[in-house]
Amino acid sequence: MKRIDPIPRNLSADSLLKSLGITAPRDIDLEAIAYYVGLRIKRRCLKCCEAMITGRGNKGIISVTPGGMIQRERFSIAHELGHWAYHRGETVACRATDIGKFSKTNAVERAADQYAADLLMPWTMFKAECKPHRRLDLNALKLVAGTFNTSLTATLIRMVTSGLYGNAMMITHGTGGRKWHRSADGIPGYWFPKPDLDRESFAFELLHNANTQDQSFPRKIGADAWFDNHAAPRYEVTEQSFRVPGEGVITILLLDGAMLS
Ligand SMILES: [Zn+2]
C-alpha cells in the first residue's frame, strides 16, 4: 500500500477514503487506514482513559482498551484518527465520556467524533444504505448499523442528522432522567423533550422494568407524553424505544408532519 509522506494535516475523512480507493462499507478497514497514515493500533489496558494517541512527526500509536464491543472499539479508533488529522503533535487521552458524545462544549472532542462518523459512515455510502428505508425505525437502524459495523447509538445519530428523516428525533434516558437528544434539522426548537420520562411512554417501562423487552414495533402516543409545550396535546408522535448497554434507553421519536410547520 502506498503511503502519503508527509501526511497532510487536516486531511478530511472523505479525502482519505478516496485516496485509498474505498467505496464500500465493508472495505473501511481501520487497521489498514491507520497504517496508511503512519499509525499502529495497540490494544492495551489504559488506566485513565478508553483510547489515546501518541506520536512524533509522521508516526504514532493509537492505544485502545480491549474487551469492549467491536463497534465501540472501531469508533474509538476512528476518533483517535480524527485527533491525528486535526491535533497532531499532541498526546491526546480520551475518556469514554469524550468519545461518541459530539460534545457541545469541547470542540476538540467534537471534531474527533465528527471525523470518526465521517470515516466510518461516509455520507454517500451511508445515504445509499438508508434510502431503501423510508421510515426510520429500529429495524432499519439495525440493518444500517450492521452494514457499517457501527454501534446503534452512533448510527442513529447519523441517520437523524442525514437529512433523510426530517421528522426524526433521538432521545437518551438513564435512571437520572434525560441525558441528551438529537433532532433532525428543521425541527423547531420548541419541540424540546421533557426532562423526565412520562409513565405513559414505553421508554419509562423499559427503563424501570428489567423484564420488559425492546419495542419490536413503533407505536403512536400522545405528544404530551414527550413534550410539555402548549401545542403538544393536539398531536400524536410515534415512539420506539430500546436499551443500549452503558447508555440506558434510547427512543426514536417521529413527529407528525403537522408539528413541523
Ligand atoms: Zn478524543
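The values are calculated or read from the model by the stated rules, or taken from the named source; none is laboratory data. This is a predicted model, so every value here is computed, not measured. All Cβ positions, glycine included, derive from the backbone under ideal geometry; neighbour counts span all protein chains shown. Quick note on the areas: whole protein, heavy atoms, side chains included, nothing else; ligands and nucleic acids left out. Shrake-Rupley method; radii C 1.70, N 1.55, O 1.52, S 1.80 Å.
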If one compares the long axis through the Cα atoms of helix 70-86 with the longest principal axis of the Cα atoms of the chain, the angle in degrees, nearest 10, works out at 60 degrees
Measuring from the longest principal axis of the C-alpha atoms of the chain, the long axis of helix 138-148 (C-alpha) lies at a number of degrees, nearest 10, equal to 10 degrees
If R0 = 25 Å, then PHE192 and ARG243, at their Cβ-Cβ distance, give a FRET efficiency to the nearest 0.05 of 0.60
Accessible-area order for LYS47, LYS127, LYS194, largest to smallest, probe 1.4 angstrom, reads LYS47, LYS127, LYS194
Rounded to the nearest 10, the angle in degrees between the Cα long axis of helix 107-120 and the longest principal axis of the Cα atoms of the chain comes to 90 degrees
Per-residue ellipticity at 222 nm attributable to helices in the chain (runs of n ≥ 4 DSSP H, -39500 (n - 2.57) apiece, nearest 500 deg cm²/dmol) works out to -9000 deg cm²/dmol
Contour minus Cα-Cα span, GLU236 to THR124, at 0.36 nm per residue, comes to 37.0 nm
Ranked by GNM mean-square fluctuation in the chain (Cα springs under 10 Å), the top entry among LEU156, LEU16, LEU120 is LEU16
